[in-house]
Amino acid sequence: MSNPMKNRSHFARAGVMALTVGALATSAGCNQDKLLTVGTPDVVLPSDLTGPAALGSAYAAAIGDFQVAYAGSSSSEGQVIYSGLLSDEFMNAETFPTRIEVDRRTTNPINGSLLPIFQNAQRARATAELVSASFGQYDPANPNRAEVQALAGFVYVLFAENYCNGVPTSKVNADGSFTYGDPQTGAQLLTTAIAKFDSAITVATAAGTSGANALNLARIGKARAQLDQNQYAAAAVTAAAVPSTYAYNILADENTSRQYNAVFSYTVTSKRFTVGDREGGNGLPFVTLNDPRAPVVRTGNGFDNATPFYQPQKFTTRSSPTPLALGTEARLIEAEAALRAGDDATFLAKLNDARANAKTYAAVGTAAPASPAPITALAVAALTPTGKQDLLFQERALDLFLTSHRLGDLRRLIKYYSRGSETVFPTGAYNPVKGGTYGGDVNFPIPFEETNNPQYKACLDRAP
Amino acid sequence: MENTFRRLLAAVVIVLAVSSQAVAQGAVGTVAGRVIDRTTQQPLVGAQVRVVGGTRGSSTDETGTYRITGVREGAVQVAVQRIGYGPLSRSVTVPAGGVVTVDFALAVSAAQLDQVVVTATGTTERKRENGAATATIDSSALNKAAISTFADALSSRAPGVVVMTAAGETGAGSRVRIRGSNSISLSNEPLIIVDGTRVDNSPSSTAIGTGGQSPSRLNDINPEDIENVEIIKGPAAAALYGTAAANGVIQITTKKGRAGQTKWDVFTETGRLTDVNNYEPNFRSYGKTATGTLVTNCSLYSRVSLAATKCVGVDSTISNNPLQVAGMESDGNRRLAGVSAAGGSDVATYFLSGEYQKEQNVIQVNNSQRMSIRTNVRGQLAKSLDAQISIGFTNSDLRRPQNDNNAFGVVSGSQLGKAADCGPNGLNLQHPNLCSATDTVSRGYYNAGLPPKAFYNINTRQGVQRLTGSLTSNWTPLSWLAVNGTFGGDLDNRNDNETLQPNVLAYSQNTLDGYRTVDRAFVANYTSSLNATATYERSPTLKFTSAVGTQYTDVYFTRTDAFGAKLLGGSNSLAGTNARFSVGESTNDVRTLGFLGREQLAWRDRVFLTAGIRSDKNSAFGQNYSRVFYPSLSGSWVVSEENFFPKVQAISSLRLRAAVGAAGQNPGYLAAEQYYSPVAVVVNGVDVPGFTIGGAGNTSLRPEKSTEVEGGFDLGLLNDRVNFEYTHYNKITKDALVNVNLAPSLGTSATRFQNLGRVRNYGDEALLRATLYDGKLVKFDLTLNGSWTTNHLDDLGTDALGNRIPDITAGFSSTQIIKTGLPLGAYYQRALTYNDANGDGLIGCPNGRGSADCEVTIADSASYQGSPFPAAEIVVAPSLSLGRFFRVTATLDHRSGQKLFNYTSNYRNQLIQNGSAAQTPSSSNLAAQAAAVATTLAAPYNTYAGYFENATFTKLREVAVTLTLPQRFASQLHAGSANLTLAGRNLHTWTNYTGLDPESNAGAQANFTTAEFLTAPQVRMFTARLALSF
């Protein structure tokens, strides 16, 4: 057998081959790193977003993340819908078990629908804090900084009002490492919120006229937090300077589905959640009242084809804004302080001020109805102390309908007005279309995924 | 990127140029001969003849002859193989410029020791040389009439290869698992290589969801074009394929031409698709309360209620099957026609084929058309240089139905619908609180007041133009050195679109407005490889084979999406839309550069030791990680050829083999990067650019690496009429890339990839091929293959602080889990037991868990409830031939050990309350009642455990009868031969699973999500096929 290589070293031959292949590879211009360099055209890197030039887009980022967290989007319910679902504003009219759980007050921490709602809120907080810090570094006197600080404060308020005790706030450090936060009680969260509102008030006040919008936003936020702390008198003082006509709206837009008004998407578009009417016996009769501040219209049955569907008229387009802070809320806070102080006259005046300045709603293309008529002194005088409380909370429920206030209010009724949880929350037999009975949730659990935070184990408690 | 490919192209050109300069250096000759059946002395057509260790080969024509040109001079091994016959190989010396004749007489045999397979370096070797088990599916063994997709061609053919078909929709994809699931968060689909080029293996390839099912690019591959499929099952064998090969490799070789007269093959096929599934109707019971008040939903819950509205007596039960009464389905059909031509000369061979197929599913709006063209041309450019161009083109148009998790679905709308035909005959009025008084059109479908076929107006389509091509060149500059290079690309232009004309679907204002969405994607897989192989015969008994090579792959994806609403009637274009415009663009690009080396020692052609190593760099690795190494080692010993081996008549051959090796998977594009995503934000009434959290990034990401050890034996019995192969494997995936949930409180991305986990798969595979009877007129072959797989997560890992990573929930309603000690994607819920304590034939729990009258017991904590993946598969494939004129084959597939979440039943009996457990509860369906009741309990004790059903099944997947028509009939058609095949697919299922199909899965091609959820089940198919050869 002829083999010219027989007497050569096999390994030398292998070396020759390797060199051949290597040479060919090199001749192909194989700069390995260059061959492996890929572009990132669809995203922006952190380096693109630093410096004063990026403050404009950073401000927008904070607003955008807050919008999704609070008012939702086409594919995320947001705090407004979810808190409405757990309270008596909304009833489930569809077939998704995870959202039925929420409505039925039996939400499991592994509930898959719960997670993005909490995630979005935490992102809104983190983005607002990051952007606020960026303003602090490059343009500390900018009134937009105050606005962003206030938005961060509102996220803390929403955590305190809507979630169990134990919400942690953690941080991604500049080097990409994580600093995990400890679980915080609602009281701790509110303290943080007030600090942020105070900071916002300072910056906004210094900005003068250009800071007026942020100033009123921060004042209402602070007053709301104080009310949640049962500091009603202090809350009234904080809210007093806010004009009754003031409104800070979270805007929506048809431009992208992320900007859609979620209530519109989940009611008009897909009929997932219907406005409640004495839900679970204790709920307010939103449908029956059909108040101009929270009007409804019957549009057949819900997505489940069985639950009667009442569509809220407050959000009639994808671009409908969602109020976050209203001057009328300031009046209602003052009214509550007056009620707690036994000052019926002020109580009535503030309620009627809020009524007179309330925004009313109607179907698209029709004129908004008149404000609700003033409440008479006689009517108030006829009420028992409990009746006055009910009146106040009904006024709040109607004026602040679907703005993520109602759940916090129901909890306040339990905590500060000595109501039993089963006297304010929906209870008893659940929607007969779906079966079962209401559970005992008065807030949301923190999603199971938070256990990836080594500081966190579970809610500290589920107390109101 | 253009520069990159210009350079690679240049490299190929250089290879060819250098080759052409050097061709004179290598002397070559020709190998030719004839292959016949040893018993009958008849010529064997279609036998594959190859030069072992190289890339050259041919196949025999009708006269049994073959011719291989350009073979290097000197001693070579020539091997021949054909299904049903024992492969043979022979050493011959090829004279420079001359022809050596090598004839083979093949004996009927089941043994495959000398079957030739393709290696990672582009050359071939006999199975006896490789210590790892490689499965081969020969095209001639597939009865094409019984299969309609490439997934069908793979399914139930090879031990350890499990194809999970999720639905009966035309165009729906499948999951493919080889030796279990390795990866927690990355794909578990195998790498697919066609003629040396990596191709798109996306199991779920669409941008538009229709509820569950998605097209799979696997099914773009035309089974008609395939010569054979080699399945390299795991890292022990696939190490040299490197990063991307951890899940195994499916290596497809397409048909080639052969020297000789042009041979034409023409075929046509027609078939019928029938839905033979037994859909449970929708029920509704009516009754009375104790006070005589009408109860319009006398459900299980009402019957066990403690309220005054409790139903105490059933007056009537009505039922309706909307799918049937609305005439939503009709028998489908399948049409297929194709032609191929193969021929050539010593210097050039060619294969050309074309096929057109059209399939109409039983669902009216589910159909497909596909045209495939393939051209394979090989040219002998010089004595020692050849080049082969392989080009396949597919143009398809698929219309997809709404189904699965979709209230607009054909099956879902019916299954969740009403027990009355809310049709034009006014039946709705007879059944209070069921049909809406104004509904006269829904026929009981879910959406009241809407004709179910109105949803057929949603026109969801996918158009694909896919070009897969490769240029392969083999150069033998020296008798001991062979160089081969491949440059190939798989270019896929995908157009997903959905159009709804205005005013045809009155579901909502959105649907009345109409809309159009278009998502155009370009998916490209580029492969460039260059390998050199040297052989060295140290002595007549000792031979070394060395190979080195380099490979570069680029997997590129880009997609542009656009949407517009308020469509102008009649328009089928975005140009006709007028509102809510939205656009998007996404890009994905992952590149790998690898170097490999392989050394094989062959001693007396019966002991083989092979060592190899591959090293890869990858663009998706983190900045802090540079290069990965994948070593491998294998040994093979044909011990029966040793002198000391006892010559027992019963044992004709025995090979012992073992192999160990590693392969990997790269992280996903951008997984290592911290980034933000651009978004629009409305500020002060004006949309401005903003951003939001994108990815948290991880600069230390490295590939996950699977290491596998396998060992086994091949045993030939009774003169190789019986062949038995056994393999045991143990595969561990370390550094598993886990898409870890991040604590939401970080306010960053929801998840982040980390190298954390350790996954183990181990199991056994057995393959028995036997010619049980081989008479003059009757031949009976039997193939049995079985695989037993155990999969579990060894460890989910710990974070940087040493804290254990919490379990990861998955699946519908978070019913599945990734948890240490359990199979990946295990069903995990609180266990459920029940007892009809009061003996009333009803299961109730009206006062909640733990109450005295509660007849279900829920465990205090969740526990393992089963795996959705089968633990065992046994396939029986008999074949009976009567003379040369009649052959019948069948495939019986048994899978066991898996459970399936019957989410459909849950919805029907808990939420919609139209199922038999909810409306006709009795002592015969207590388990179903308990399952439903358990889901209504307050969290966290609401468990789905009662819906995890044993999904063990046995399916008669295929039966085919082939008649070779008399010559006079063929002659009348001017054909050399004619075959008629009658085949059936999905013929019968034996199972205790109570849903529609134990293979149904609305999770479709998802990694683990598995549940039957309103899925259109598989349909039965009968086909007739006429094939003519000229």
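Only the coordinates and a few stated rules stand behind these numbers; no lab work does. Because the structure is predicted, anything quoted here is derived from the model rather than measured. Note: ideal-geometry Cβ built from the backbone for every residue, glycine included; neighbour counts use all protein chains shown.
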_Model label zone, B:Leu973; criterion: amide N under 18 Å from point 7 Å along Cα-to-beta-carbon; scope the range B:341-376_ = B:341-342, B:354-357
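Kindly identify the range B:734-879 as rounded, prolate or oblate by the Cα gyration tensor criterion: order the square roots of the eigenvalues as a ≥ b ≥ c, call it rounded if a/c is under 1.5, otherwise compare a/b with b/c, prolate if a/b is larger, else oblate.
Details: a/c = 3.73, a/b = 1.33, b/c = 2.81.
Here the range B:734-879 falls in the oblate category.
Counting partner chain Cβ atoms within 10 Å of every residue's Cβ in A:427-436, what's the average?
Values: counts 0, 1, 4, 2, 0, 7, 4, 6, 14, 10.
What the average comes to for A:427-436 is 5.
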*asked:* Which one, B:Val504, B:Gln465, B:Asn624, is farthest towards the positive end of the dipole of chain B when Lys and Arg carry +1 and Asp and Glu -1 on their Cβ?
replied: B:Gln465
_Angle between chain B longest axis and helix B:926-935 axis [Cα atoms, degrees, rounded to 10]_ = 80
*asked:* Compute the distance from the alpha-carbon center of the range B:967-1011 to that of the range A:387-433, in whole Å.
replied: 60
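Only Cα pairs under 8 Å and at least 6 apart count here; give the relative contact order of the range B:374-447 as a rounded whole percent. Provide the component values of the computation, followed by the final result.
Working: 102 pairs, mean separation 16.0, N = 74.
Over the range B:374-447, the number comes to 22 percent.
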*Out of B:Phe104, B:Val441, A:Pro464, whose Cα points farthest toward the positive end of the dipole of the protein assembly as shown (charges: +1 Lys, Arg; -1 Asp, Glu; placed on Cβ)?*
B:Phe104
*What does the highest-first list of B:970-979, B:865-874 look like by mean Cβ count within 10 Å?*
B:865-874, B:970-979
*Using 7 Å Cα-to-Cβ label points, what is the A:Thr202/A:Val297 separation (nm, one decimal)?*
4.9
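From the P(r) of the range B:964-1005, can you give the percent of Cα pairs sitting at distances over 14 Å? Intermediate results must be reported in sequence, preceding the final value.
Numbers: 573 of 861 pairs.
Taking all Cα-Cα pairs of the range B:964-1005, the fraction more than 14 Å apart is 67 percent.
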*Could you state the per residue volume, in Å³, of the convex hull enclosing the Cα atoms of the range A:264-305?*
78
_the range B:821-874 and the range B:143-158: distance between their alpha carbon centers, rounded to Å_ = 38
_Rg in Å to one decimal, and Dmax rounded to a whole Å, for the range B:272-334 via C-alpha atoms_ = 17.7, 59
*Excluding B:Cys845 itself, what net charge comes from residues whose Cβ is under 10 Å from its Cβ, given Lys and Arg +1 and Asp and Glu -1?*
-1
_Using only the Cα atoms of the range A:390-464, what semi-axes does the equivalent ellipsoid have when each is the square root of 5 times a gyration tensor eigenvalue? Give whole Å, largest first._
26, 18, 13
*Ratio of the range B:37-126's C-alpha Rg to 2.2 N^0.38 Å, to two decimals?*
1.05
*Using θ = phi - 60° and the Karplus relation 6.51 cos²θ - 1.76 cosθ + 1.60, list the HN-Hα couplings for the range B:983-996 in order, rounded to whole Hz, with x at every Gly or Pro.*
9, x, 10, 6, 8, 7, 10, 10, 6, 9, 4, 8, x, 6
*Between B:Arg335 and B:Tyr773, what is the spin-label point distance in nm, taking each point 7 Å from the Cα along the Cα→C-beta axis?*
4.2
_Options A:Leu413, B:Val638, A:Pro321, ranked by Cα towards positive dipole end of the protein assembly as shown, top entry (Cβ charges)_ = B:Val638
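Can you give the relative contact order of the range B:654-710 as a percent, counting alpha carbon pairs under 8 Å and 6+ residues apart?
Once divided by the residue count of the range B:654-710, the mean separation gives 48 percent.
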*asked:* Given chain B, report the % of alpha carbon pairs whose separation exceeds 40 Å.
replied: 47
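Efficiency by 1/(1 + (r/R0)^6): what FRET value for B:Ser508 and A:Glu422, r their Cβ-Cβ distance, R0 = 41 Å, to the nearest 0.05? Don't skip to the end; give the middle numbers.
On the way: r = 37 Å, r/R0 = 0.90.
Computed FRET efficiency for B:Ser508 and A:Glu422: 0.65.
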*Rounded to whole Å, sorted largest first: equivalent-ellipsoid semi-axes of the range B:247-293, Cα gyration tensor*: 64, 20, 4
*Could you give the length gained on full extension between B:Arg520 and B:Val583, defined as 0.36 nm per residue of separation minus the Cα-Cα distance, in nm?*
21.5 nm
*Give the angle, between 0 and 90 degrees and rounded to the nearest 10, that separates the Cα long axis of helix A:10-27 from the longest principal axis of the Cα atoms of chain A.*
50
*asked:* Quick check for me: using +1 on Lys/Arg Cβ and -1 on Asp/Glu Cβ, what's the dipole size of the protein assembly as shown about its Cα centre, in debye to the nearest 20?
replied: 2860
_How compact is the range A:356-401 by the rule of thumb for globular proteins, expressed as Cα Rg over 2.2 N^0.38 Å?_
1.41
*Tilt of helix B:2-22 relative to the longest C-alpha principal axis of chain B, in degrees (0 to 90, nearest 10)?*
20
_Based on alpha-carbon atoms only, what is the radius of gyration of the range B:137-224 relative to the globular estimate 2.2 N^0.38 Å?_
1.09
*Ignore the peptide's own chain and count Cβ atoms of other chains within 10 Å of each Cβ in A:443-449; give me the average, rounded.*
4
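Taking a temperature of 37 °C and a viscosity of 0.692 mPa s, what whole-number D in µm²/s does Stokes-Einstein yield for the range B:700-762 with Rh from Kirkwood over alpha carbon pairs? Don't skip to the end; give the middle numbers.
Working: Rh = 15.0 Å.
The calculation lands on 220 µm²/s.
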*Return B:Asp346, B:Asp561 ranked ascending by Cβ neighbour count within 10 Å, so the fewest neighbours appear first.*
B:Asp346, B:Asp561
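May I ask you to order B:155-163, B:313-321, A:288-296 by the average number of other C-beta atoms within 10 Å around their residues, highest value first?
Numbers: B:155-163: 24.9, B:313-321: 16.4, A:288-296: 19.6.
In descending order of packing, they fall as B:155-163, A:288-296, B:313-321.
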*Based on the alpha carbon coordinates of chain A, what radius of gyration and maximum Cα-Cα distance (Dmax) apply, in Å?*
27.5, 121
*State the three equivalent ellipsoid semi-axes of the protein assembly as shown, derived from the C-alpha gyration tensor as the square roots of 5 times its eigenvalues, in descending order and whole Å.*
65, 37, 28
*Please report the Cα spread of the range B:569-664 along all three principal axes, rounded to whole Å, starting with the longest.*
84, 44, 15
*What's the Kirkwood radius of the range B:902-1019 in Å, using all Cα pairs?*
17.6
*Enter the Cα centre distance for the pair the range B:781-818 and the range B:163-179, rounded to the nearest angstrom.*
20
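If we count every other residue with Cβ under 15 angstrom of A:Val364's Cβ, Lys/Arg +1 and Asp/Glu -1, where does the sum land? Mind showing how you got there, number by number?
Working: positive: A:Lys314, A:Arg318; negative: A:Glu254, B:Asp513.
Once positives and negatives cancel, what remains is 0.
How many partner chain Cβ atoms sit within 10 Å of a residue's Cβ in peptide A:178-185, on average, as a whole number?
On the way: counts 10, 1, 6, 3, 1, 1, 1, 0.
Neighbouring Cβ atoms belonging to other protein chains average 3 per residue here.
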*Please give, to one decimal in nm, the separation of the simple spin-label points placed at B:Thr93 and B:Lys358, each 7 Å out from Cα toward the Cβ.*
6.2
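If I stretch the segment between B:Val648 and B:Asp397 completely, what's the gain in nm (0.36 nm per residue apart, minus their alpha carbon distance), one decimal? Don't jump to the answer; show the numbers that get you there.
On the way: separation 251, 0.36 × 251 = 90.36 nm, distance 5.86 nm.
Gain in length upon complete extension: 84.5 nm.
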_Relative contact order (percent, whole number), the range A:122-271, Cα cutoff 8 Å, 6+ residue spacing_ = 20
